[in-house]
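The values are calculated or read from the model by the stated rules, or taken from the named source; none is laboratory data. Because the structure is a prediction, the values reported are computed rather than measured. Note that we place each Cβ from the backbone using ideal geometry, even for glycine, and neighbour counts take in every protein chain shown. To get the accessible areas, we keep the full protein, side chains included, count just its heavy atoms, and leave off ligands, DNA and RNA. Shrake-Rupley method; radii C 1.70, N 1.55, O 1.52, S 1.80 Å.
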Amino acid sequence: MENKKKKRYGIIAALLLLVLAAGVGTYAWLTAQSSLTNNFTTAGINHPTTNPDNPDQPIPDDKAKVNGNLTETNWVADSKLAPGVSVPKNPNVGIGKGSENAYVYVFVKNETASAGTADSKTTYFTINKGWEAVEATAVEGEPTHYLGGLFVYVGNETEATPLIASKTEDKWTGELFSNVTTPKETEQKDFAKDAKMTVNCFVYAEDSTTEGSAASAEAAAKDWAKDL
């Protein structure tokens, strides 16, 4: 009798194992698992390393001519201002190879005139094609002549447009202006004792939404310029 019970329990245990095995097989058959690991890179703006006027040559190592993304290849230290004279000064903004496409802004702070000097006697510059004023002071009656302010790169467009980067070479906006000119009516007393003009650049990487990126870039540039 006891042997019959043992056989019965053995059969039940075997059946349970078969059911469990069938369950495991069914679970494996009806499910699947997968995963992907994605690597990200961060947006970046690199400094240019080649001369914008001679791409086969390295960028000048003169710190008076180069600072980060901003270059003035024709600047001569301690250039003298004089009535009716134009002095070479050619700010150009570049992004190094491997950079992101970027919006470019330049702010010019003009401190060449003494206090109270009329705009018509203040050293000015004429902006080149490819740039537009954002918030700037123009010489009265001369719409392309400016004393200073915030400017944006537009390329061949009429409003802010990204400077398109390259994986293999530096890219440049082209000169904002090529020289500064002092009106011939200017007198010695009209010059500041420590006459200077400071040029600053702001480079903002484009994101995937061009329209939103342009608005964000302008807002950031205006906020940046307030403290200059």
Can you tell me the order of 100-112, 81-93 when each peptide is scored by its average per-residue count of other Cβ atoms within 10 angstrom, highest first? 100-112, 81-93
Around residue 78, under 15 Å between beta carbons, what's the net of Lys plus Arg minus Asp minus Glu among the other residues? +3
For region 84-156, the per residue accessible area (1.4 Å probe, Å²) is 41
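Suppose every K and R has +1 on its Cβ and every D and E has -1 on its Cβ; what is the size of the dipole of region 31-168 about the Cα centre, in Debye to the nearest 20?
The dipole magnitude comes to about 300 debye.
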Would you mind telling me the share, in percent, of accessible area of region 145-224 contributed by carbon and sulfur at probe 1.4 angstrom? 45
Compare 70, 176 by solvent-accessible area with a 1.4 Å probe and give them largest first, with all protein chains kept in place. 70, 176
Counting only protein heavy atoms and a 1.4 Å probe, tell me what percentage of region 45-130's accessible area is made up of carbon and sulfur. 47
Per residue of region 193-198, what does 6.51 cos²θ - 1.76 cosθ + 1.60 with θ = phi - 60° give for ³J(HN,Hα)? Whole Hz please, x for Gly and Pro, Karplus curve as stated. 4, 10, 5, 7, 9, 9
Just name one of 141, 217, 205: the one whose Cα is farthest towards the positive end of the charge dipole of region 119-228 (beta-carbon charges, Lys/Arg +1, Asp/Glu -1). 141
Whole-Hz Karplus ³J(HN,Hα) for region 60-66, in order, using 6.51 cos²θ - 1.76 cosθ + 1.60 and θ = phi - 60°, x for Gly and Pro? x, 9, 6, 5, 7, 10, 9
Distant-in-sequence amide H partners of residue 101 (H built 1.01 Å from N, under 5 Å): 165, 206
Could you let me know the centre-to-centre spacing of region 154-188 and region 103-131, using Cα atoms, in angstrom? 13
Karplus couplings for region 86-100 from phi (6.51 cos²θ - 1.76 cosθ + 1.60, θ = phi - 60°), rounded to Hz, Gly and Pro as x? 9, 10, x, 7, 9, x, 9, 10, x, 10, x, 4, x, 6, 8
